[in-house]
1. Is it the case, given these coordinates, that residue 7 is assigned to a loop (DSSP other than H, G, I, E, B), among the polar types (S, T, N, Q) and farther than 30 Å from residue 294 by Cβ?
2. Inspect the range 18-27 for any residue being outside any loop (DSSP other than H, G, I, E, B), more than 19 Å from residue 301 (Cβ to Cβ) and not hydroxyl-bearing (Ser, Thr, Tyr) and give the result as yes or no.
3. Among the numbered conditions (1) β-branched (Val, Ile, Thr); (2) in contact with a strand residue (DSSP E or B) (Cβ under 8 Å, 6 or more places away or on another chain); (3) part of a helix (DSSP H, G or I), tell me where residue 168 comes up short.
4. If we keep just the residues of the range 122-160 that are at pLDDT below 95 and part of a helix (DSSP H, G or I), which is surrounded by the most Cβ atoms within 10 Å (Cβ to Cβ)?
5. Criterion first (closer than 14 Å to residue 227 by Cβ, touching a residue at least 60 places away in the same chain (Cβ under 8 Å) and within 22 Å of the chain's Cα centre (by Cα)) does residue 360 satisfy it?
6. So residue 476 clears everything in (1) under 22 Å from residue 21 (Cβ atoms); (2) touching a strand residue (DSSP E or B) at 6+ places or on another chain (Cβ under 9 Å); (3) surrounded by 15 or more Cβ atoms within 10 Å (Cβ to Cβ); (4) not β-branched (Val, Ile, Thr) except one condition, right? Which one?
7. Being in contact (Cβ under 8 Å) with a residue 40 or more places away in the chain and either surrounded by fewer than 21 Cβ atoms within 10 Å (Cβ to Cβ) or on the phi > 0 side of the Ramachandran plot (or both) narrows it down to one of 342, 306, 353, 333, so name that one.
8. For the range 438-481, how many residues meet the condition of being among the small types (Gly, Ala, Ser), in a loop (DSSP other than H, G, I, E, B) and out of contact with any Lys or Arg (no Cβ under 9 Å at 6 or more places or on another chain)?
Amino acid sequence: MAVLKLSTPGVYVQEISTFPPSVAEVETAIPAFIGYTQKALHPSKGSLTNLPTKIASYNEYKLYYGNPPTETDDSITVSVTDDGYKNFVVSIKPIDGKPSNFNMAYAIRHYFDNGGGTCYIVSVGDPDYKAAVIDATQLVNGLKNVENIDEVTLLSIPEAAVSTNYNTVTQELIKQAVNLKDRFALIDPKQVTLQDKDHPTGDIDPDVDKIREAVTGDPESWRYAAAYYPNLNTTYARNFTDSTTNKLIDIKIDEYIFQPVNASDTNAKNLALTGTVLKQSVDSSSVLYGKIISALQQYTVTLPPSPAIAGLYARVDQNKGVWKAPANESLYSVSSPTVAISDIQQQNLNIDSTTGKSINAIRSFPGYGTLVWGARTLNGNDNEWRYICVRRFFNMVEESVKKSSHWAVFEPNTIGTWVKIQAMIENYLFLKWRDGALAGVKPEQAYYVHVGLGTTMNAQDILEGRMNVEIGMAVARPAEFIVLKFSQLLQQS
C-alpha cells in the first residue's frame, strides 16, 4: 500500500487492495513436432525451415508445410483377378522398403483428429521429400530449436524410428525434457517384430528391447518421458495423387489373371493388360477402374503412436483435467494396433523388474475399439513418479506458480510479501482440490504451503535475498488395478 504524502489540508482517497495475486494456469498440452515436410514456407514470413511455428489446424499445416508425400507406382503391386463377368478382385500389396518413410503430414492430421489443438512445427531437411534418408542429426538440430519456446509442454518426433539413429533421437528427447523440467517426451517404438508360425502376430520382445536399449542415463530422468507400443494402423489412405497436377499418378496393373467361369473358355486376351498403365489404358468409368481406386483407398498408413497420444493428452486435459490418467481412452482414426498384445505380454511391458522401464500398451478390445492401456512414465518402479498424470500435474503447478510469482522479485523479503505469496498459492491449490486433482477429505489433507522466517528460511537466507516457499501436494493417483473380492455366504435360513 502506497504511503500518502499529506502536506495540504483536505480529503484524500486511497484504494486498498484486499485480494491476493492469483495464479494464471499455463497450458498443459502444447506439443512440438519435429520432422520432414513437403515445404516450409509462410506466405508473408518466408522460409520456415528449422523455425518453430505455431499452428492451430491441419489446414494451416498444409498451407505452410504442404501435403503428404506422393507414393510411387513401384511401391505397390496391383493384382487383378477377372472371371470374365466384371467380378474383379483387386489386391494391393506393398513392396518392402518402398512406401515413403516421411510421415509428418499424416502425424499432424492424426494429432488433430484425436483432439489436439495448438502445436508447434519444426520442419527440417530438404523440401519435396528429396532427402535420401531421414537424418537423425537434422532431427536433433530441429529439436534444439524448441528449447527456447517456453510454451511447449510435449515433445514428439514421429520419424525417429525410421531415422539413421533411433537411440540418439530418443535420448535427446528425454534430455531436453529433463533439462528444462517443463515438458514431457513421448517415445515411439522402433518396431522390428517378426512373424512366424509360433508368433502369428509377431514376437514383441525385440521391439521392447529396442525401446529399453534406447533409454539410458539416470533413472530419475525417465520420469519426464513415456513410451508407447505398438504402432497404429490408421484409416488414412496413402497419397497417390500428384501434388502439382492434383491427379492420380500412373499406376500399372502388375498381374492380371483371367479365370473364366466356363472352364472351356480359353480366351486369354486379357492377359495383355499386365503392365498396363491404369490411368491411360483403363476407362475411368469402368468397373475395373473403380475397383482399383477403391483398393488404393484401403492401402492405409501405419503411424507411430506419439502424435495420437499428444492429441489424447490435449483431449483429456480439456475434458477432465491434467490429473486424469490419459488411459482407458479411445484413439480415433485407428483401425487397429499393428500388433495384438495379450494380458500376458503386457505384464512385461507394464512392470519390468530388471530395468524398471515401463512401456504403455495400446490394445484393441471388442466393443471398445483401440484403447491406451497404460498410464506410466518410463520410471515405472518409482512410487513417487510412476504415473504420467502425477508428473504432468506437477509440471503444470510448478510452471504456473513460477510464472505467477514474478511480481515478488525484489519485493521486501518480509511477512507482508510472505503472506501474499502463501495466500496466492493456497487459493490456487484449493481450486485444484475442489476440482478433484488433489486427494484428501479436507484441504489441509490435500496440500500445504509454508513460507516464513524460522519455517522455510533462516536469517542467512534473508541476508542473501532468498525467499524459500515449500509446497506439498497429494495428487490423486489412478486406480490402475481394480481388485474385486467375492466370497460365498452360508445360508442363514
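The values are calculated or read from the model by the stated rules, or taken from the named source; none is laboratory data. No experiment lies behind these values; they were computed from the predicted model shown. Counting neighbours? That spans all protein chains shown, and the Cβs are built from the backbone with ideal geometry, glycine included.
1. Yes.
2. no
3. (2)
4. Out of the qualifying residues, it is 129.
5. yes
6. Here residue 476 meets the rest and fails (1).
7. Result: 333 is the single residue among 342, 306, 353, 333 that is in contact (Cβ under 8 Å) with a residue 40 or more places away in the chain and either surrounded by fewer than 21 Cβ atoms within 10 Å (Cβ to Cβ) or on the phi > 0 side of the Ramachandran plot (or both).
8. Qualifying residue count, the range 438-481: 6.
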